[in-house]
Amino acid sequence: MNLKTFQGYLGSRGYKVLDKNAYGVETEYPAAIQFISNKQWKVILSAPVVEWKALVKDMKSELGKKYYFMYENGHLCYTLTLKDADFQQVFQEAAAAVTEALKRRGVMPSKTCPICGKSDCDILVAYKGGYEASHKNCMEQVVSHVKNKAEKSVSEGNYFTGIIGGILGAVVGVLPSFLSVVLVEKIYAILFALIPLCIYYGYKLLKGKMNKVVIVLTIILSVLSVYMIEMLLLAYYMVSDYGLLISEAIQLVGASLLEPSVWTAMTMDALTSFLFVALGIWIAWGRISRTAGTDVKTMDQVMATVSPYGTMAGFSDYAAVTSEDSADPTDGVSL
């Protein structure tokens, strides 16, 4: 059961399908379905509760270990393991069992806008990983704000300050890896993921233009950061093993960099580190590849999930029920 099957099946059930995500309603609960793999889907239901730990424990007790429950950003989530032969039946049975269990406990979808906290919602839209009731006007304001900010980051951004920020970020990013070598004499691959992240956010913090330059700069500085670690280690050992002053060690390291053989030796010594920094870039890619254009595209995708409130398949009298409960406004959208 592949992605195409996922898209076709949920599309036939009235869901709005965007690549590996689908948005619709299951027996009154707005739902976001994520395609994790050919055998696994993640179901995210709009079901805000206060005592969520007790709810999840209670749901596990009733429904057994058949579903793996989580609670994220006001959404009850569960994963399904599916087979080609019966994936439709398993999905529908799970949706019915979970939503009925929620109803018995009085847990209903939120009817208040997550942005302004007011009721009388008129749309459903992808929000913070789930599918939420909201106001079209509120979402349009959020989208407008994000797009204006993205355009401003390009038109008013500065390459020079951004590069300075990236370099400073690289210095911060290499420190954990440097300290792990000094203190425990080991290097950890996961620490190298901090390097591209620190470079990216350093560039962004100092108002660099948020176009594709940030991606290229992050990759280049991440690779050069491996040499930075080697230089720091060389200076450290000069101080610790030979008793040199820090200033003297810095001068010697600077002078040694004029010798091609030193660069060759550092490269050979750091082959594992280069592999780890490549892995770190891969781990952090979802974040460091975000540009102003990415943010604009994301907002367009969010608005593509919009459906009139209460009109999708799966609603019964849900839309007719009103609530004056308030909610804290939030400031993020995601698919």
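Brief remarks follow.
- From the options T264, T272, T298, T294, residue that is in a helix (DSSP H, G or I), closer than 30 Å to T99 by Cβ and at pLDDT 65 or above: T298
- The numbered conditions (1) under 30 Å from C113 (Cα atoms); (2) touching a residue at least 24 places away in the same chain (Cβ under 8 Å); (3) within 24 Å of the chain's Cα centre (by Cα) are all true for T294 except (2).
- Across the range 304-318, a minimum of one residue is classified as over 21 Å from C138 (Cβ atoms), among the aliphatic types (A, V, I, L, M) and modelled with pLDDT under 85.
- Filtered residue count, the range 254-291, keeping only those that are under 37 Å from the mean Cα position of the chain (by Cα) and among the polar types (S, T, N, Q): 5
- Hey, E51 open to solvent by 30 Å² or more (accessible area, probe 1.4 Å), free of Cβ contacts under 8 Å to residues at least 60 places away in the same chain, acidic (D, E) and within 27 Å of C138 (Cα to Cα) or not: no
- Whenever a residue of the range 147-166 is within 16 Å of I288 (Cα to Cα) and of a type outside the set (A, V, I, L, M, F, W, C), its partners that are part of a helix (DSSP H, G or I) and open to solvent by 50 Å² or more (accessible area, probe 1.4 Å), lying with C-beta atoms within less than 6 angstrom and at least six residues away or across chains, give the pairs G165/L205.
- Filtered by the rule that a residue be at pLDDT below 90 and hydroxyl-bearing (S, T, Y), the range 224-246 gives Y237, S240, Y242.
Results for (1) surrounded by 14 or more Cβ atoms within 10 Å (Cβ to Cβ); (2) touching a residue at least 60 places away in the same chain (Cβ under 8 Å), shown as yes or no for each residue.
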residue: V56; (1), (2): yes, no
residue: E62; (1), (2): no, no
residue: F69; (1), (2): yes, no
residue: N73; (1), (2): yes, no
residue: D84; (1), (2): no, yes
residue: A96; (1), (2): no, yes
residue: G106; (1), (2): no, no
residue: I115; (1), (2): yes, yes
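- Residue tally, condition more than 25 Å from S134 (Cβ to Cβ) and not acidic (D, E), over the range 28-68: 18
Yes/no per residue for (1) within 28 Å of I36 (Cβ to Cβ); (2) of a type outside the set (A, V, I, L, M, F, W, C):
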{"site": "A97", "(1), (2)": "yes, no"}
{"site": "C116", "(1), (2)": "no, no"}
{"site": "S153", "(1), (2)": "no, yes"}
{"site": "G162", "(1), (2)": "no, yes"}
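The values are calculated or read from the model by the stated rules, or taken from the named source; none is laboratory data. Predicted, not measured: the structure shown is a model, and the values here were computed from it. Cβ atoms come from the backbone with ideal geometry, glycine included; neighbour counts cover every protein chain shown. Ligands, DNA and RNA are stripped out before the accessible areas are found, and what is left, the full protein with its side chains, is counted by its heavy atoms. Shrake-Rupley method; radii C 1.70, N 1.55, O 1.52, S 1.80 Å.
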